[in-house]
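The values are calculated or read from the model by the stated rules, or taken from the named source; none is laboratory data. Since the structure is predicted, the reported quantities are computational estimates derived from the model, not experimental observations. Neighbour counts are summed over all protein chains in view; Cβ atoms, including those assigned to glycine, are modelled from backbone coordinates with ideal geometry.
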Amino acid sequence: MSVIDKPDVKGSGCQFCRKCFRLDNVYTGFNGPPNMPDYNLGASGVVCWPVGLPGPPKEKVGQLEVYPNPASSKLYIKTERKEKRELYNSVGQLLFSTNENEIDVSRFSAGVYYLKCGEAVRKISIE
């Protein structure tokens, strides 16, 4: 069984002891529950390393620019992508789809919308 002597200390200072069998646990008289996690996963020589997820993927080559934002009559899209431009409302319903770089937004009510082009999404406001 494995033991962490100082669980409140991050990194190798936690004094993790792999396969240490001690009879000094005040809760059970033995060294804790039988299914201890293996804290020696990760980079070699590093124990008690924090688990995390990578951040969101960065946008691939080609930027998506939407202007003016907020818009009241026309919305212009500047991108090198050839995918469809899709306009969604705040609850995710598809409202409009086009291949053009200009959208007439005067027919939509004021609020927050999302413009999607490929994997890129931009939040836009319509006044």
### Query
How many residues does region 101-127 hold that are more than 21 Å from the chain's Cα centre (by Cα) and either in contact (Cβ under 8 Å) with a residue 40 or more places away in the chain or on the phi < 0 side of the Ramachandran plot (or both)?
14
### Task
Please work out if Ser97 is out of contact with any Phe, Trp or Tyr (no Cβ under 6 Å at 6 or more places or on another chain), part of a strand (DSSP E or B) and either more than 18 Å from Gln63 (Cβ to Cβ) or charged (D, E, K, R) (or both).
yes
### Query
Which ones in region 82-94 are touching a strand residue (DSSP E or B) at 6+ places or on another chain (Cβ under 7 Å) and either in a strand (DSSP E or B) or farther than 14 Å from Ile124 by Cα (or both)?
Glu83, Lys84, Arg85, Glu86, Leu87, Tyr88, Leu94
### Task
Can you tell me which residue within region 45-66, out of those that are loosely packed, with under 12 Cβ neighbours inside 10 Å and either within 22 Å of Ile124 (Cα to Cα) or of a type in the set (D, E, K, R) (or both), is modelled with the lowest pLDDT?
Val61
